[in-house]
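The values are calculated or read from the model by the stated rules, or taken from the named source; none is laboratory data. What you see is a predicted model; the values in this text were computed from it and never measured. Here the Cβ positions follow ideal geometry from the backbone for every residue, glycine too, while neighbour counts run over all protein chains shown.
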Amino acid sequence: MLFDRICRENGVVHRLTQPASPTTTGKVERFHRSLREELLNHSGVFAEVAAALAAVDAWVAEYNTARPHQSLDMASPAQRFRPVEDPVEMPLRLPVGLREAVNERVSADVAAMAMPLVAQPWDGGPVEFDRVVAPSGNMEVRGKQFWLGPARSGVLVTFWADTDVIHLLIGGSRVKSVRSHLSVTDLEILARDGGRRAGPSPLPPPTPG
């Protein structure tokens, strides 16, 4: 068959599912079940697409790096598999009469999206950064866990942090404040890794007297 030959020439293994043995489909359905039970059943309705994508990204990261898998003897995929350092790229083979499509026109919007983001220089003050609550209810910042519970899984949390205190905010409202474990170096790293200069403290200033 032409399809089999194209797959074979491009290094793609074409596996057929036998009747009454939907192994490939079953694996996909099992993954969807895990996604539903561990994230979607507890996350509620997402306010926007960006929040949904961030929640799924956080769940996938935990699924691949921290979650034990029964099929791997309770190890995580990250403990068993490693990416190939120098993958061999096979040349694309097409049937006679077809040629590879080349997009010669790139819109200004796409070109702008490809531009690297320039981090704001840190001025030594407090830093704000975002985290998404994992299905376990935990978030990690520079070696410390912050617990908000599985009920808030998928929720975007803004951290306001300096070397004295860390505030956690959801939708602009403060939900928790703890003593900071962060050093000046930690704040500099957080600012460099996507953080931003923080605004005023979420707590009102103390009343004089």
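Pairs, please: C-beta under 9 Å, at least 6 apart or cross-chain, first residue closer than 18 Å to Val60 by Cα and touching a residue at least 60 places away in the same chain (Cβ under 8 Å) and in the stretch 127-156, second part of a helix (DSSP H, G or I) and among the β-branched types (Val, Ile, Thr)? Within 9 Å, the pairs are Gly154/Val56. Total residues in the stretch 32-67 satisfying the condition of being of a type outside the set (Gly, Ala, Ser), more than 29 Å from Arg80 (Cα to Cα) and in a loop (DSSP other than H, G, I, E, B): the figure is 3.
Only strands (runs of 3 or more DSSP E) whose full extent lies in the stretch 136-209 are considered here, and the ones with at least 1 residues that are farther than 20 Å from Leu39 by Cα and in contact with a helix residue (DSSP H, G or I) (Cβ under 9 Å, 6 or more places away or on another chain) are 138-141, 156-161, 173-179.
Among the residues of the stretch 15-50, count how many are at pLDDT below 65 and of a type outside the set (Gly, Ala, Ser). Going through the stretch 15-50 one residue at a time, the tally reaches 8.
So that you can scan it fast, the table gives a plain yes or no per residue for (1) aliphatic (A, V, I, L, M); (2) at negative phi; (3) modelled with pLDDT of 90 or more:
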position	(1), (2), (3)
Ala111	yes, yes, no
Pro116	no, yes, no
Arg152	no, yes, no
Val157	yes, yes, yes
Ala161	yes, yes, yes
Ser173	no, yes, no
Val184	yes, yes, yes
Gly199	no, yes, no
Leu203	yes, yes, no
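Within the stretch 68-81, the set of residues being touching a residue at least 12 places away in the same chain (Cβ under 8 Å) and either part of a helix (DSSP H, G or I) or under 18 Å from Arg36 (Cβ atoms) (or both) comprises Pro77, Ala78.
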